[in-house]
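Colleague: This is the structure I want to talk about, given as structure tokens.
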Amino acid sequence: MRAESLAFRQPVRKTQRGFSLIEVMISMCILTIGLLSLLGVFGIAMTSTQTSQENNTAKLLANEAMESILTARETANISWSEIQNVGPGAGIFLTGFQPINNAGADGIFGTADDAAAGPQTLEEPGSSGVFAGTCPPDTCLTLTNFQRQIVITPVVPPGGGPASATLSSITITIQYTTPQSSLPRQYVLNTFISPYR
């Protein structure tokens, strides 16, 4: 009997199941697509980081020009009739996009005497991380990829009628290019100004 029982007992083989070649190829394709999309996100993040300095510089240049106009009005450095673009009136602000120059003798950005003051530079700290006050060891960048336009127009009432003699709109546009983009970008700052202090 003992021999019979041994004859009926055959070892039971467990089937080992692994990954087939098709399953491995499908998982590799899914992994590749995921990694490629992740690389695209890293590229967008790097571009955004690199252009953030140009965006911040454009905002600072627009605010700087606006503050110079408002300060000149507050200190009576210029008359109300001079706060307009060059043209038929007695305006002192140049039309069209102009290079970013230092303020001229009048201390106001966007006027004819700015060209004599030379190009404006952006000073960054040197390798020590501390401003020294001079370009060597600090890094001075000339703002050649920026342009500024100041447009001053009288405000017209919403229902029509004559333009206001005591209220003007100031639009300052900073146009700049970045190494990552071939198209120029713009930052626009709008405000109103009146002769009243």
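Each value in this text was obtained by applying a stated rule to the coordinates, not by laboratory testing. Keep in mind that what you see is a predicted model, and the values were worked out from it rather than measured. We place every Cβ from the backbone using ideal geometry, glycine too, and count neighbours over all the protein chains shown.
Colleague: Mind counting the residues in the range 166-192 that are surrounded by 12 or more Cβ atoms within 10 Å (Cβ to Cβ), within 21 Å of Q84 (Cα to Cα) and out of contact with any Phe, Trp or Tyr (no Cβ under 9 Å at 6 or more places or on another chain)?
Modeller: Qualifying residue count for the region: 5.
Colleague: Select, from A65, A45, A76, A58, the only residue that is farther than 19 Å from L183 by Cβ and surrounded by 14 or more Cβ atoms within 10 Å (Cβ to Cβ).
Modeller: Only one candidate passes the filter, namely A65.
Colleague: I've got another one for you. From the list Q98, Q84, pick out the single residue that is in contact (Cβ under 8 Å) with a residue 60 or more places away in the chain and either under 30 Å from P195 (Cα atoms) or among the small types (G, A, S) (or both).
Modeller: Answer to the selection: Q84.
Colleague: While we're here: Any idea which of G87, G110, G104, G40 is over 27 Å from the mean Cα position of the chain (by Cα) and small (G, A, S)?
Modeller: Exactly one of G87, G110, G104, G40 is over 27 Å from the mean Cα position of the chain (by Cα) and small (G, A, S), namely G87.
Colleague: Kindly indicate whether T153 is surrounded by fewer than 15 Cβ atoms within 10 Å (Cβ to Cβ), polar (S, T, N, Q) and either in contact (Cβ under 8 Å) with a residue 24 or more places away in the chain or under 21 Å from R73 (Cα atoms) (or both).
Modeller: yes
Colleague: Same structure, new question: Would you say I108 is within 17 Å of T173 (Cα to Cα), of a type in the set (V, I, T) and in contact with a Lys or Arg (Cβ under 8 Å, 6 or more places away or on another chain)?
Modeller: Taking the combined requirement at face value, the residue does not satisfy it.
Colleague: Please specify each residue of the range 100-116 satisfying the condition of being surrounded by 14 or more Cβ atoms within 10 Å (Cβ to Cβ) and not in a loop (DSSP other than H, G, I, E, B).
Modeller: N101, T111, D114, A115
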